[in-house]
Every structure is written in structure tokens, then in C-alpha cells.
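**Q** Before we start, here is the structure in question, set down as C-alpha cells.
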Amino acid sequence: MSATPDLWLLPDAIFDGTRLRPGAALGLAQGRSLRIADAPPPGAPTRHVTGTLTPGFLDCQVNGGGDALLNNDQTPGALHRMAAAHRRFGTIGILPTVITDTPQVLARAVDAVLAAHGEPQPDRSLLGFHIEGPHLSIPRRGTHAPEWIRPFEEATFAHVRRLRDQGIFVKITVAPESVTPAQVARIAATGAVVSIGHSDATADEVRALLDAGASCFTHLFNAMSPMLNRAPGVTGACINSPAYAGIICDGIHVADEMVGLAIRARPVPGHMFLVSDAMSTVGGSDHLRLYGKDVWLKDGRLVNAEGSLAGAHVTMAEGLHRLITVVGTSPETALDMATAAPARLLGRPDLATPEHRDLADLLLLDAGWTVTTTIAALLEAQPA
């Protein structure tokens, strides 16, 4: 590939993975991006485009999409349908998630992830695997089936080991009630990210797992003991820690004021990341089956027969828009939460920048912070 750009794109601004750069230009050649410059070189072919250019979104918690739900269909085909459904909305990479279920479902999901990553042309939208449960707390189980919640077991470690041996990124959500610090240390030693969630633990119990190697929290505020004046709980321990933390921003799972408070209160910038916790209804129909029971989408909510929220019906694009326009988060922080922060968690710095990328992975946002198109689609529709 030529090292010299044959076209310079000049959008209103470029998010370079760290900051917004008004007036900057992105050099392109042979259908890929090359490098960002403060301005196009004099006399170089230049094309002005309206909007903000950013890397595509990365979602580290996706249960389903396009009517595919991993707990119901543990096949590479389901993984591909999920990824394709979310890509339509600007999410160019997902961490497929299987929630608490039978040992057989977990085993088949692991097999599916391994098979998908072993395909001749692996789907680059599949960034690894998230095991959410079954080693959780029953009082904070949410929609997870109580009959399958159980203490940490050797079979789960074996699944993590199989995935890591193939270089596949793994995040596993556990509760202090179901796993020991020694077990967390053993999991973390494989290179897997241990995330704390679905827990009624005390802050001291949480800190014991952080000291052992846990480095993340799963959907802050949801399914975790609350922060009280004399009992920080999982929520307070998370907010005060330097660990990474995912959060859902749909105006349903967490009040907008609490999202903003948590972002401002974190001691280490760049360790909050946006997740969707999306179910199969994103890019699909308004109904799904979970654990053999109906879950319907109504007024933006997915609620099971018990009245618990059963995942979310939201995209990363909608979460980003809400962060900026409702929560009041700065565009740079919100874009970091949707792109660069998850890339850091994943150990994929290449996904945090618009440089050296496929043009289908780069988005254009309008003045209202809504996705309008990809750069690939823009150039295809309006060739120079």
C-alpha cells in the first residue's frame, strides 16, 4: 500500500482517540486511512465533509442482536448475525456475552467463539468473549436464572484457559460471594479480565478481589449493592477504584444524573466505558425468549415475567448521543467511553484511533452527535 495519501478528508473535527481536533485532516489511500495531519499538505487533493470523524464504537457487553441471542443459539452463525446487526448502528466491534445458564450452554458458547475465531477469514467485529455468570450472587442476579447460579468451578477455568490459549480476549463477570481471591488471581494470571458484578458484597470484599487481580466492574449501579453513607457497597467500591467500569446509558438502567456523577467521581480518567447490554431486539423484532419465557419490548424496556429488566434495547450510538445531549458529558469524554476506553480494556490500541483503519470502521457524526454514515459508505455514495 502506498505510504502517500491520494486524498485528504477534511471534516469539521476528528476524534483521534484522545481529543477532538478541529481542522485536522485524515489522509486516505487504497481504501484505508493512513495518518492524521493538522492540515492537508498544500496542493494535495482534499475533500471537505460535514461532521465529526471518529473511530467506530466498541461494545464490551452484547447479549444479542438481529434476533440472535447467544444463550439461545451457541453457533458461529449467531455470533456473525449479532455483529452484523450492531455494525448497522456504528458499533464495529462487539464482545459477545453469554449469561448464566446450564454448563452445556456455556460449553457450546465457548466452542462457537473458538470456531468463529478459527474461520479462514475471521469476523473482525468479534473481539473476544464475555462470560457473565454463572458465578454470581442470587440476591443481585437480576434476570439471571437462579437455578444455574453456582460457586466458581474448575470447568469454567478450563473454558477460560482454552480461549486464552488461542489468544482470544476473555472478560468474566463474577461476584465475591461465588469466587475466592485465590481463584481470581488464578483467572487473572491467564490474561483474562476479571470483572465484578451481580453482587451484594461489601466494599471490603470487593477490594479483596481487586487486590487479587480483578480489574473491571460490570454495568455500574445495576445488580450491585448500593452506595450508602456507612456502607459503600459494590457501587461505592467501584466508583472509588482505579478499575475499569462499564455503564449503560439509556435513561432506564441508570438515572442520567447518576451516570454523570459517576463519570465525574472516578479517580482515574479514561476508565469508564459505555456498554449497551443489548439483547436480540436490537436490529431485530420486539420479542425474545429467555430461559424459555417471553420477554417483550415495551416503551424501550425489556422486562421479564418477574418484572426485572432483561438486558437492554439500546445501541452504542444512542448511548453516546444521550451521554452528550442529556447527561452533559463532554464530547471528548463520551467519545473516549465509546471507542478508546474499551479499546484500552481490550488491549487493542489499533481500535482507538482513526489511523491505519478500514474506512468501513470510521464514522461520521452530525452536529447533534448522531451517526450519519461510515466513511466507506460516504465515499461510495459520493465518489470524488
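**Q** For the stretch 125-134, enumerate the residues that are more than 12 Å from the chain's Cα centre (by Cα) and outside any loop (DSSP other than H, G, I, E, B).
**A** Those that are more than 12 Å from the chain's Cα centre (by Cα) and outside any loop (DSSP other than H, G, I, E, B): Ile131, Glu132.
**Q** Give me a count of the residues in the stretch 100-109 that are open to solvent by 10 Å² or more (accessible area, probe 1.4 Å) and of a type in the set (Ser, Thr, Tyr).
**A** Selection size over the stretch 100-109: 1.
**Q** State all residues of the stretch 309-322 that are among the hydrophobic types (A, V, I, L, M, F, W, C) and either surrounded by fewer than 24 Cβ atoms within 10 Å (Cβ to Cβ) or under 15 Å from the mean Cα position of the chain (by Cα) (or both); if no residue qualifies, say none.
**A** Those that are among the hydrophobic types (A, V, I, L, M, F, W, C) and either surrounded by fewer than 24 Cβ atoms within 10 Å (Cβ to Cβ) or under 15 Å from the mean Cα position of the chain (by Cα) (or both): Leu309, Ala312, Val314, Met316, Ala317, Leu320.
**Q** Anything in the stretch 1-42 that is within 18 Å of Asp361 (Cα to Cα), among the β-branched types (Val, Ile, Thr) and open to solvent by 40 Å² or more (accessible area, probe 1.4 Å)? List them, or say none.
**A** Of everything in the stretch 1-42, just one residue is within 18 Å of Asp361 (Cα to Cα), among the β-branched types (Val, Ile, Thr) and open to solvent by 40 Å² or more (accessible area, probe 1.4 Å), namely Thr18.
**Q** If I filter the stretch 188-206 for residues that are in contact with an Asp or Glu (Cβ under 8 Å, 6 or more places away or on another chain) and of a type in the set (Ser, Thr, Tyr), do I get at least one hit?
**A** yes
**Q** Go through (1) surrounded by fewer than 22 Cβ atoms within 10 Å (Cβ to Cβ); (2) in a helix (DSSP H, G or I) one by one and return the number of the condition Glu306 breaks.
**A** With respect to (1) surrounded by fewer than 22 Cβ atoms within 10 Å (Cβ to Cβ); (2) in a helix (DSSP H, G or I), Glu306 is out only on (2).
Per-residue answers, yes or no, for (1) among the basic types (Lys, Arg); (2) under 18 Å from Leu297 (Cβ atoms):
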residue: Arg47; (1), (2): yes, no
residue: Asn63; (1), (2): no, yes
residue: Gln74; (1), (2): no, no
residue: Ala85; (1), (2): no, yes
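Yes or no, residue by residue, for (1) open to solvent by 30 Å² or more (accessible area, probe 1.4 Å); (2) free of Cβ contacts under 8 Å to residues at least 40 places away in the same chain; (3) within 24 Å of Asp350 (Cα to Cα); (4) assigned to a loop (DSSP other than H, G, I, E, B):
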{"position": "Leu58", "(1), (2), (3), (4)": "no, no, yes, no"}
{"position": "Phe89", "(1), (2), (3), (4)": "yes, no, yes, yes"}
{"position": "Val98", "(1), (2), (3), (4)": "no, yes, no, no"}
{"position": "Asp111", "(1), (2), (3), (4)": "yes, yes, no, no"}
{"position": "Gln121", "(1), (2), (3), (4)": "yes, yes, yes, yes"}
{"position": "Leu136", "(1), (2), (3), (4)": "no, no, no, yes"}
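**Q** Of the residues that make up the stretch 35-47, is at least one without any contact (Cβ under 8 Å) to a residue 12 or more places away in the chain and assigned to a loop (DSSP other than H, G, I, E, B)?
**A** Taking the stretch 35-47 as the starting set, the residues that turn out to be without any contact (Cβ under 8 Å) to a residue 12 or more places away in the chain are 42-43.
Filter once more, keeping what is assigned to a loop (DSSP other than H, G, I, E, B): 42-43.
Within the stretch 35-47, one or more residues are without any contact (Cβ under 8 Å) to a residue 12 or more places away in the chain and assigned to a loop (DSSP other than H, G, I, E, B).
Yes/no per residue for (1) closer than 17 Å to Gly64 by Cα; (2) open to solvent by less than 50 Å² (accessible area, probe 1.4 Å); (3) hydroxyl-bearing (Ser, Thr, Tyr); (4) touching a residue at least 24 places away in the same chain (Cβ under 8 Å):
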residue: Ile247; (1), (2), (3), (4): no, yes, no, yes
residue: Met258; (1), (2), (3), (4): no, no, no, yes
residue: Leu261; (1), (2), (3), (4): no, no, no, no
residue: His271; (1), (2), (3), (4): no, yes, no, yes
residue: Ser276; (1), (2), (3), (4): yes, yes, yes, yes
residue: Gly283; (1), (2), (3), (4): yes, yes, no, yes
residue: Asp286; (1), (2), (3), (4): yes, no, no, no
residue: Arg289; (1), (2), (3), (4): yes, no, no, yes
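**Q** Then there is this: Taking the stretch 167-185 as the region of interest, how many residues are in a helix (DSSP H, G or I) and either touching a strand residue (DSSP E or B) at 6+ places or on another chain (Cβ under 6 Å) or crowded, with 19+ Cβ neighbours inside 10 Å (or both)?
**A** 2
**Q** Quick one: what pairs do we get from the stretch 175-198, first residue farther than 17 Å from Arg162 by Cβ and at pLDDT 95 or above, second surrounded by fewer than 21 Cβ atoms within 10 Å (Cβ to Cβ) and of a type in the set (Val, Ile, Thr), C-beta under 8 Å, 6+ apart or different chains?
**A** Ser178/Ile149
**Q** Out of the stretch 328-366, which residues are farther than 22 Å from Leu261 by Cα and open to solvent by 20 Å² or more (accessible area, probe 1.4 Å)?
**A** Arg344, Gly347, Arg348, Pro349, Asp350, Thr353, Glu355, His356, Asp358, Ala360, Asp366
**Q** Pull up the stretch 186-227, narrow it to residues that are polar (S, T, N, Q) and part of a loop (DSSP other than H, G, I, E, B), then point me to the one that is surrounded by the fewest Cβ atoms within 10 Å (Cβ to Cβ).
**A** Selected residue: Thr190.
The values are calculated or read from the model by the stated rules, or taken from the named source; none is laboratory data. All figures in this text were calculated on a predicted structure; none of them were measured in a lab. Positions of Cβ are backbone-derived with ideal geometry, glycine not excepted, and every protein chain shown enters the neighbour counts. Just so you know, the surface numbers come from the protein's heavy atoms only, side chains and all, with ligands and any DNA or RNA stripped out. Shrake-Rupley method; radii C 1.70, N 1.55, O 1.52, S 1.80 Å.
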